[in-house]
1. Hey, can you tell me all the residues within the range 73-106 that are modelled with pLDDT of 55 or more, touching a strand residue (DSSP E or B) at 6+ places or on another chain (Cβ under 6 Å) and farther than 18 Å from residue 47 by Cβ?
2. Tally time: how many residues in the range 50-60 are without any contact (Cβ under 8 Å) to a residue 12 or more places away in the chain and either surrounded by 16 or more Cβ atoms within 10 Å (Cβ to Cβ) or under 17 Å from residue 85 (Cα atoms) (or both)?
3. Only residues that are more than 14 Å from residue 78 (Cβ to Cβ), without any contact (Cβ under 8 Å) to a residue 40 or more places away in the chain and either under 9 Å from the mean Cα position of the chain (by Cα) or outside any strand (DSSP E or B) (or both): list them for the range 24-47, please.
4. Give the range 61-77 a look and list any residue that's surrounded by 13 or more Cβ atoms within 10 Å (Cβ to Cβ) and part of a loop (DSSP other than H, G, I, E, B), or say none.
5. Which residue pairs have Cβ atoms closer than 8 Å, lie 6 or more positions apart in sequence or on different chains, and pair a first residue in the range 61-76 that is closer than 10 Å to residue 97 by Cβ with a second residue that is part of a loop (DSSP other than H, G, I, E, B)?
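The values are calculated or read from the model by the stated rules, or taken from the named source; none is laboratory data. In this text the structure is predicted, and so the values were computed from the model without any measurement. Backbone-built Cβ (ideal geometry, glycine too); neighbour counts: all protein chains shown.
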C-alpha cells in the first residue's frame with residue numbers, strides 16, 4: 001500500500017471514530033418529572049423538528065456534567081434545560097450533560113413528596 005493510500009485510510013478511519021462526537025447536539029427540553037431516589041428525570045422535547053414532542057426518561061450518573069445546577073435535587077418540573085444523552089445498549093438514555101438557566105419552578109423535593117415514581121415515568125404525573 002502506498003504512503004498516500006495509508007494516509008487516506010487513517011484519515012477516513014479517524015473521521016469514522018470521531019463522527020459520533022462530531023455530530024453530538026445538545027437538545028432543548030422541559031422537565032416534566034424528577035425522581036431523585038432512582039436518579040432519573042423526564043424531559044419533553046422542545047425541538048421544533050420533534051413533532052409530536054418526544055418524551056424521554058434520562059438516567060443521571062456520577063459521570064453526568066451539570067451546568068447551572070449541582071444535581072437532580074436542584075431541578076424542578078417546568079425547568080427548561082439543554083441536554084446531551086446517549087442511548088445505551090439496554091435502551092435506557094444516559095444523561096451526559098445538562099444545563100439549566102435559573103427560573104422559578106417546583107423544587108424536586110416537593111415533586112418527590114407527591115409520589116412522582118412510576119406515574120411520572122409514564123408521563124402521567126398530574127401534580128395532584
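1. Within the range 73-106, 75, 76, 77, 88, 92, 94 qualify.
2. 3
3. 39, 47
4. 64, 68, 69, 71, 75
5. none
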